[in-house]
Amino acid sequence: MGIMGEMTVAATKAMKKKRINTVIICYAALAVLWLITSLSIKGFATINRTVNTLQTASFLGIVATAQTIVVVTGGIDLSVSGVITFASVVIAALLKTDIHPLLCAAIAILAGACIGAFNAFSINFLKMPPLIMSIATLSIIEGSLLIATNGTPPNGKSDLIVWLAKGKPLLGVPNSVWIWALVCLCVYWLLHRSRYGRHFFGMGTNMRVCLLSGVKTKKLTFMAYMLSSSLASLAGILLFGYIGNTYLTLGRPYQLDSIAAVVLGGTSILGGSGNFLGTIAGTLILIILKDTLNVLNIAQSGRNILLGVIIVLLLLVYGRERSTR
């Protein structure tokens, strides 16, 4: 037991050191990108432009936060894009009734959590691979929404929901950014300061060892996927308030972008390794890259190619993936 304890301490110290190095690299890359963009694009570093960038990043940031929770366990959730759209349609429909807007939002988030529970149930008891299961769930959501709305989503309105997404009651910073910050604080504590976080990372490192150690992996899988879908629902509600309406492809851009932000931030796509602080940097890097390519009037095809090349180069610099499990 003494030898085992020494090995555990050594492994923990090595992981913490790797996490610190990873975070430093992420934020250094973000700083360099910000500097280059500021010098290349006039007005990019102004306060108003910075606030707008943060607001755009907040929506992706919340979804990337959701994705991080699942990825560290060794899973993946490609249904987040469908959940975003689903939540926006649900709240739009509920806002046409006499239900209070905050209760409408709570119901939409709860409905999203049920989708996460469905994913977790299928993974735990039907032994479905997370990738395949989440894709299947996404297809079910998109098909169901198309049938339920007949291609035309409802158009409920709420000044409160708009204010939650766009209001600037504190320091001129939009509420969506403050909500993202609060989500980040909670998830950072969950992943890096609680026993649940240690178990999440343990599941991504070696599921068999976790099972033999008595870790309730099925319960944790439910927690991870329900949190993921709940946060994706929150992002969908905020997007609905920000745009003012919804459409059936609202969440589609966030499917792969959320994964890219997580991986750019240093979390291994294989699970078990990473630091949530890096996800924040990865989100901002991705948003700034997209904003820069858009301002430079580069064609969409060129933007996709350049963005893909840059992401690959950053991943090579980070040296993310572990060679052994």
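Below are the figures for this structure:
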quantity: Subset of segment 143-190 (residues that are among the aliphatic types (A, V, I, L, M), closer than 21 Å to Gly241 by Cβ and at pLDDT 90 or above); calculated: Leu145, Leu160, Ile161, Val162, Leu164, Ala165, Val173, Val177, Ile179, Ala181, Leu182, Val183
quantity: Residues of segment 30-82 classified as part of a helix (DSSP H, G or I) and of a type in the set (Gly, Ala, Ser), total; calculated: 10
quantity: Filtered residues of segment 248-292 (kept if assigned to a loop (DSSP other than H, G, I, E, B) and either out of contact with any helix residue (DSSP H, G or I) (no Cβ under 9 Å at 6 or more places or on another chain) or under 30 Å from Thr149 (Cβ atoms) (or both)); calculated: Leu248, Thr249, Leu250, Gly251, Arg252, Pro253
quantity: Search result, residues across segment 123-150 that are among the charged types (D, E, K, R) and either part of a helix (DSSP H, G or I) or surrounded by 16 or more Cβ atoms within 10 Å (Cβ to Cβ) (or both); calculated: Glu142
quantity: Positions within segment 240-267 being over 14 Å from the mean Cα position of the chain (by Cα) and closer than 26 Å to Leu33 by Cβ, in sequence order; calculated: Tyr242
quantity: Test: residue in segment 184-198 that is within 26 Å of Leu256 (Cβ to Cβ) and of a type in the set (Lys, Arg); calculated: no
quantity: Candidate set from segment 194-220 (those that are in a helix (DSSP H, G or I) and aliphatic (A, V, I, L, M)); member that is surrounded by the fewest Cβ atoms within 10 Å (Cβ to Cβ); calculated: Leu212
quantity: Which numbered condition Tyr27 misses (of (1) at pLDDT below 85; (2) within 30 Å of Ile84 (Cβ to Cβ)); calculated: (1)
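The values are calculated or read from the model by the stated rules, or taken from the named source; none is laboratory data. Predicted model only: the values in this text are computed from it and were never measured. Neighbour counts run over all protein chains shown; Cβ positions are idealised from the backbone, glycine included.
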